[in-house]
1. Within segment 195-230, which residues have the backbone N less than 16 Å from the label spot 7 Å out from Asp41 along Cα→beta-carbon, could you tell me?
2. Set the Förster distance to 35 Å, then compute FRET efficiency between Ala219 and Glu126 from the Cβ-Cβ distance, nearest 0.05.
3. Taking only DSSP H segments of four or more residues, each worth -39500 (n - 2.57), what value at 222 nm results for the chain once the sum is divided by all its residues, to the nearest 500 deg cm²/dmol?
4. In what sequence, highest mean first, do 5-13, 178-186 appear when ranked by Cβ atoms within 10 angstrom?
5. Which parts of segment 56-97 would a label at Asp237 reach, counting a residue when its backbone N lies under 16 Å from a point 7 Å out along Cα-to-Cβ?
6. Show me 45-52, 138-145 ranked by packing, highest mean number of other Cβ atoms within 10 Å first.
7. Cα centroids of segment 152-200 and segment 81-149: how far apart, whole angstrom?
8. With r defined as the distance between the Cβ atoms of Arg19 and Val164 and R0 fixed at 30 Å, what FRET efficiency is calculated, to the nearest 0.05?
Amino acid sequence: MQQLYPSPDPAVDPAAVYRHDPPPADRALPRVLVNMVASVDGATVAEGVTEGLSSPGDKRIFFLLRTLADVILVGAQTVRAEGYGTARLSEAAMAARRDRGQAPAPRIAVVTRSLHLDWSTRLFTEATVRPFVIAPPTADPARLAAAREVADAVVVGDTRVDLVAALRALRERDVGVVLCEGGPTLNAELAGADLIDELCLTIAPALVGAGGGDRIIAAAPLPGLHAVSLLSVLEDDGSLFLRYAVGAEPG
Ligand SMILES: NC(=O)c1ccc[n+]([C@@H]2O[C@H](COP(=O)([O-])OP(=O)(O)OC[C@H]3O[C@@H](n4cnc5c(N)ncnc54)[C@H](OP(=O)(O)O)[C@@H]3O)[C@@H](O)[C@H]2O)c1
């Protein structure tokens, strides 16, 4: 993998680029990173899932980001479409996390209003740490009870999850870094509320055309143009790995 920006490096170690110190103890919300892959023409899926856009380099960055996260935040539709399982890390990655004072593996947190999730899937049955299910107070009580059997419920908002309150609740549980893995609907809500600190975007060297799903941020127009600042560009086998700072550095 080579770095093209900010300084050319023909054999960069991505772990030195994608690194995150824990946020200051008095920070009210966790740091939020969003990681997405898109084709050159902006498609986020090929034949309904992301797999066709992903490359070995993309998977390397995907898992590297997971090693940094305390929580992986994901929208329920992505869980359903991609068949989400647990976050498995290598022994070395888990050891590095312990050295940094993190839990051995990140916890997955699913944002859902419907609670239409299959509680018998690996995500809920094979996790070494219980996932979070983040739902609004109006969620169906029977489904919420079923969720509580296999996950820790965070109930915030009104008819929808209030993402600021959700992130605050995670921070109160000592969560420093949240990695959002999409999808575009959840990303849009985070972006609309100015909650994204960093966007990690893989541009896959492919064109998809129609049927390529939403763009990386979809479902709601953002209130005005959101400027982003380029932090780094890596390249591997034609895929580009872009890191952008989003918004002002929150206090
Ligand atoms: N290219 C990539 O990197 C990438 C990454 C991720 C996903 N994807 C693709 O994107 C597609 C899924 O994305 P999507 O935009 O359709 O859905 P999504 O963002 O994954 O999930 C949307 C769902 O999340 C829940 N949700 C989001 N905000 C909420 C809130 N404030 N309160 C309560 N619930 C909330 C709702 O779940 P309920 O419906 O349960 O109420 C909503 O239907 C899939 O095709 C997937 O393959 C691509």
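1. 204-216, by backbone N distance to the label point.
2. Calculated transfer efficiency: 0.70.
3. Values: 8 runs with 66 residues, N = 251.
Counting only the DSSP helices, I get -7000 deg cm²/dmol.
4. Ranking, from highest mean packing down: 178-186, 5-13.
5. 56-64, by backbone N distance to the label point.
6. In decreasing order of mean packing, 45-52, 138-145 become 45-52, 138-145.
7. First find each Cα centre; the distance between them is then 14 Å.
8. According to the calculation, E is roughly 0.70.
Each reported figure results from applying straightforward, stated rules to the coordinates on display, with no laboratory input. Quantities reported herein were computed from a predicted structural model and do not represent experimental measurements. Methodologically, a virtual Cβ is constructed for each residue, glycine included, from the backbone with ideal geometry; neighbour enumeration extends over all protein chains shown.
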